Amino acid sequence: MKHFSIFFLLAVLSTALALSFPFHGLAQEGPQPAPGPFFEEEESEREEFVEPREIKDALRQLNDITRETQRVLKKAQKLTGFASEVSTLQGLLSDVNTHSNAIRNASGGTNQREALQDFYDTQLWDTLNEVRIKIEFPQELKNIERDLKRLEKLMGGKSFSIENVDVAVITAKVQEIKNAVSEAKAYFNEGNFEDAREALQVIHEGAHPGEMYGVVQQLSDIGKRLKSVKKEVRAGFYEVLSPVYEAVNEGDFREANMLLGDIGKDLWRLLDRAKGRSVKNEDIQER
């Protein structure tokens, strides 16, 4: 019984020790299988997609640059002292052709994107504009000064009159244009072509003397024609023309010119009828 108790005690202790330390094989994880890939990575980068209309737009721009460059080149070749500009324009035509072929012949979206980006980075329009201003700006200034003289001569005539318009606005705008032309000339002679173009901003924003002359002449002629019609009929015409008068008084002669263009045909037809006193105010408003 005593021997049995000792063996029994050893067995219990052995069991307890075994339970307190897990088997080595269970303590470590077995080798794990490599996780299956959810996405197969491509050996090369994913092909970029380029919208067909972007390619079409780029080719259209290149065609526009070609057409405009050829126009300016033809002018430059007729003038003296522009050999450098002629060479630049000829080189520009060559560049346009290179980019056009590169875009047309590019295969795959990535190559197309690279060809397009090369075209964007070269900024061909900027190159053209820099040359164009050198060649065309002097003539543009001459045309502006010519139209200014015509306008001043018209307004200085003894019979000149214009209804419902503040003539002081026109006079002030003429002086503003003269100052702009003088400033543009100075910049151009210094070789500062960008500032020369900016100096004429007042003209580009709705006060070209050519448009001013057309508007003032038409309104003056209309006023003369209306002096021979009845007062109430004349008032109807003035009311219809009120947006034109408003645009002129705000110095926006481009808007005034467009408005006169929209109503011009009907306006003069009604003026012919008004001369015979056969037109009514309701007819004017309806037209």
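The values are calculated or read from the model by the stated rules, or taken from the named source; none is laboratory data. Everything quoted here is computed from the prediction, not taken from an experiment. Positions of Cβ are generated from backbone atoms using ideal geometry, with glycine treated the same way; all protein chains shown enter the neighbour counts. Areas reflect the complete protein model, heavy atoms only, side chains present, ligands, DNA and RNA absent. Shrake-Rupley method; radii C 1.70, N 1.55, O 1.52, S 1.80 Å.
Against the 2.2 N^0.38 Å scaling, with N counting residues, where does segment 148-287 land? I'd like the Cα-based Rg ratio to two decimal places.
Working: Rg = 17.8 Å, N = 140, 2.2 N^0.38 = 14.4 Å.
My calculation over the Cα atoms of segment 148-287 gives 1.23.
What is the gain in length, in nm to one decimal, between Glu68 and Asp166 on full extension, counting 0.36 nm per residue of separation less the C-alpha to C-alpha distance?
31.2 nm is the gain from fully extending Glu68 to Asp166.
Taking segment 177-218, which GluC sites (Glu not before Pro) meet the DSSP loop condition and have no more than 13 other C-beta atoms within 10 Å? Please list the in-between numbers first.
Numbers: sites: Glu183, Glu190, Glu194, Glu198, Glu205, Glu211; in loops: Glu190, Glu205.
Within segment 177-218, the qualifying GluC sites (Glu not before Pro) (loop, at most 13 other Cβ atoms within 10 Å) are Glu190, Glu205.
7 Å from Cα along Cα→Cβ at both Asp221 and Trp125: what's the point-to-point distance in nm?
About 3.7 nm, to one decimal.
Just the accessible area per residue of segment 101-197, please: how many Å² with a 1.4 Å probe? The partial results should precede the final answer.
Values: 5610 Å² over 97 residues.
Accessible area per residue: 58 Å².
Using a 1.4 Å probe on the protein heavy atoms, what percent of the accessible area of segment 157-244 belongs to carbon and sulfur?
On the way: 2080 of 4400 Å².
Taking all protein chains in place, segment 157-244 shows 47 percent carbon and sulfur surface.
In the structure shown, do any of Lys153/Lys231; Lys149/Lys173; Lys78/Lys134; Lys75/Lys134; Lys230/Lys265 have a Cα-Cα gap over 19 Å, and if so which?
Working: Lys153/Lys231 30 Å; Lys149/Lys173 13 Å; Lys78/Lys134 14 Å; Lys75/Lys134 11 Å; Lys230/Lys265 21 Å.
Over 19 Å Cα-Cα: Lys153/Lys231; Lys230/Lys265.
Find out how many positive minus negative residues lie around Arg60, taking Lys and Arg as positive, Asp and Glu as negative, among other residues whose Cβ is under 11 Å from that of Arg60. Intermediate results must be reported in sequence, preceding the final value.
Values: positive: Arg53, Lys56, Arg67; negative: Glu54, Asp57, Asp64.
Local charge sum for Arg60: 0.
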